Each structure stands twice: as structure tokens, then as C-alpha cells.
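Q: I am attaching a structure below and will ask some questions about it afterwards.
The values are calculated or read from the model by the stated rules, or taken from the named source; none is laboratory data. Just so you know, these numbers come straight off a predicted model, no measurement behind them. In this analysis, Cβ positions are derived from the backbone assuming ideal geometry, glycine residues included, and neighbour counts consider all displayed protein chains.
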Amino acid sequence: MIGKSTAMGLMLVAGTVLAGGRGNRVIVVDDFNDGDASGWEETDFTAGRGSFTVVGGKYVLQTTEPIAIDDPSVGALDADWEPSMENPMFSNGTVRGTIRANTYGTTVGFLLRDSHETESDYGFFGSTSFGTFYIERFELLAHPEAPQTILAMADPEDFPFAAGEDWNIEARVIGRQLRMWAWKVGDQRPRRPLLSVADKVLGPDSGSGIAAIAFFGPAPLISQGVTEVQVSGTVDNITFTPGRGRNRFDDDDGDGGDDD
Ligand SMILES: [Ca+2]
Ligand SMILES: [Ca+2]
């Protein structure tokens, strides 16, 4: 059954497809400039200690109080973009958006191939506690004892990520190829991805959801002696480019053609 909000979301998608290159298009997911986050399904894993607000045309996911480092929720605040859920058009493609961690300890980023049936996804994050960017596979139903697998992580010495910085993130999953670009707002997009890894566990049939999420990663924080985190992450200017259509962003290896 399609609910009213989903039907409206689909209309929104149809109305905001921008002209792109041959066989390609960019879908405006949300820029939050209308002051609300309609179309986003918000899940507060902290059981009432989280808030989702649009502030100054940006989407802010934050806890209303510090969350203890051993809290099983890991302070997670998850917002799913409803038109992408169970919609195969979003199973392969590229999410682009900006992220900012407003507090030390916060991890913030985007999910692709998110499924609420299997509670699985691929996550593309900036982590203030690791101090850099990483890609992970998440499978709660299949591996409840250890759902997170870090597939690739940048070197924090070379690619540091810290609280208070605005970054562009480009997160791509096409087939089994995962890629992530990250560059500071105002800088030029690097030609080559920061992270590139193949993984075949969560195929295109595993899920299609796009989500924004903020949480904390306990492991590095515990080793640093941190006892609690007030999670706060900001996202904005989110777009999605479906499939592997050729455009000027796809020629990452510089050979004049599409990659892969
Ligand atoms: Ca809105
Ligand atoms: Ca905005």
C-alpha cells in the first residue's frame, strides 16, 4: 500500500528531475530551504533523546542530551528518504550532499541500499573519533552480534575530518563497486575517489533506501577515554544520480569514457 506521504514524495521526484547528460539525470532529494524535512521518515534510536530539525535551511540530527558511550543506541538518529524506499531506481547510483559534525564524537553521513526488512545498508561516513572517512557494511539481522564491517577507511593523517567542518560527500554504489569522494566545501572535487572497494554481500536487490544518519562509534571513543557524546550532525544539498549513466563526474580514471 502506498501511503499519502509516499505518493506525494513520488510526485516530488517526478517534478524535480533536472536535465542531465545523455541517459542521465540528477534528482534533487532535498535542500531543506523550505524549512522542513517532509518526505523524511525519522527514527530516533535513543528513545526520545533525539531531535530532527531544519535550521537555517539545513537538516540537523542531534541528541538533546549527552548519550553514555555504552548506550546500545550509539546515539543513532536515522532519517530515511521515503521516495527511495523499496524503489529499485535508487539501488544503484550516487548520493551527493554536504555533512558537518557539530560535536566531537559524532559520526555523520549517508546510507545507500538501506533495507528495513533485513536492517542492512552501506554507510559512507565522516567520523570525528576515527578522524577521517570510511565505508561500512551494516547487517543487523544477519549478524546481530557484530553488524558493522568497515570495508575501507582513509588515513586520518592525510584526510582528517573534524567537528565544525563542512564537507561535500559523494557516495556511490553501482553493482558491487563502492566509492566515496570527500572534499571540503569551497574546494574543488577531487578527480579520484578517496575510497574505492568492491563488496558483493549487499546486492542491488538487498535494498534501495537513501538515508542520512548521525551516531557515535564507541570503539575509538572508549580507547580515548570519552564517556559520553552529545551527537549532532548536519546534512544539506542532497541529490541522487541513478544508475551508471555517463556524465562528467563518471570519468574518474581520465580515459575519456565511463569507468568500470
Ligand atoms: Ca522540505
Ligand atoms: Ca539548504
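Q: Residues of segment 119-167 being in contact with a Lys or Arg (Cβ under 9 Å, 6 or more places away or on another chain), surrounded by 19 or more Cβ atoms within 10 Å (Cβ to Cβ), closer than 23 Å to Lys58 by Cβ and not aromatic (Phe, Trp, Tyr), which ones?
A: Correct list: Asp121, Gly123, Gly126.
Q: Would you pick out the residues in segment 70-110 that are within 17 Å of Glu41 (Cβ to Cβ), among the hydrophobic types (A, V, I, L, M, F, W, C) and out of contact with any Phe, Trp or Tyr (no Cβ under 7 Å at 6 or more places or on another chain)?
A: Correct list: Met85 only.
Q: Here's something else I'd like to know. Among the residues of segment 59-69, write down those that are in contact with a Lys or Arg (Cβ under 8 Å, 6 or more places away or on another chain) and surrounded by fewer than 19 Cβ atoms within 10 Å (Cβ to Cβ).
A: The answer is Thr64, Glu65.
Q: Given the conditions (1) more than 16 Å from ligand 1 (Cβ to nearest atom); (2) without any contact (Cβ under 8 Å) to a residue 60 or more places away in the chain, and given that Asp70 satisfies all but one, which numbered condition is not satisfied?
A: (2)
Q: Mind telling me which of the residues Phe52, Phe32 ends up being surrounded by 12 or more Cβ atoms within 10 Å (Cβ to Cβ), on the phi > 0 side of the Ramachandran plot and either within 16 Å of ligand 2 (Cβ to nearest atom) or at pLDDT below 95 (or both)? Let's see the steps before the verdict.
A: Details: Phe52 fails: on the phi > 0 side of the Ramachandran plot.
The unique qualifying residue is Phe32.
Q: Also: Looking at (1) assigned to a loop (DSSP other than H, G, I, E, B); (2) closer than 22 Å to Ile69 by Cβ, which one does Arg192 not meet, given that it meets all the others?
A: (2)
Q: If you take the residues of segment 70-84 that are touching a helix residue (DSSP H, G or I) at 6+ places or on another chain (Cβ under 7 Å) and buried (at least 20 other Cβ atoms within 10 Å of the Cβ), which of them is farthest from Pro242 (Cα to Cα)?
A: Glu82
Q: Also: Tally up the residues in segment 209-241 that are crowded, with 21+ Cβ neighbours inside 10 Å and of a type outside the set (A, V, I, L, M), please.
A: The qualifying residues number 10.
Q: Of (1) among the aliphatic types (A, V, I, L, M); (2) modelled with pLDDT under 95; (3) crowded, with 17+ Cβ neighbours inside 10 Å, Met180 satisfies all except one. Which?
A: Failed condition: (2).
Q: Right, another one. Just the residues that are away from ligand 2 (no atom under 14 Å from the Cβ) and closer than 27 Å to Glu86 by Cβ, please, taken from segment 55-71.
A: Within segment 55-71, Leu61 is the sole residue that qualifies.
Q: Here is a further query. Among Ala19, Ala37, Ala101, Ala76, which is the only one that is small (Gly, Ala, Ser), at pLDDT below 95 and either closer than 29 Å to Ile174 by Cβ or away from ligand 1 (no atom under 16 Å from the Cβ) (or both)? Explain how you work it out, then say what you get.
A: Values: Ala37 fails: at pLDDT below 95; Ala101 fails: at pLDDT below 95; Ala76 fails: at pLDDT below 95.
Selected residue: Ala19, the only one of Ala19, Ala37, Ala101, Ala76 that is small (Gly, Ala, Ser), at pLDDT below 95 and either closer than 29 Å to Ile174 by Cβ or away from ligand 1 (no atom under 16 Å from the Cβ) (or both).
Q: Can you tell me which residue is modelled with the lowest pLDDT among those in segment 118-157 that are in contact with a Gly (Cβ under 8 Å, 6 or more places away or on another chain), of a type outside the set (Phe, Trp, Tyr) and not in a strand (DSSP E or B)?
A: Thr118
Q: Oh, and also: Would you be able to tell me the number of residues in segment 51-67 that are touching a residue at least 40 places away in the same chain (Cβ under 8 Å) and more than 16 Å from ligand 1 (Cβ to nearest atom)?
A: Residues in segment 51-67 being touching a residue at least 40 places away in the same chain (Cβ under 8 Å) and more than 16 Å from ligand 1 (Cβ to nearest atom): 5 in total.
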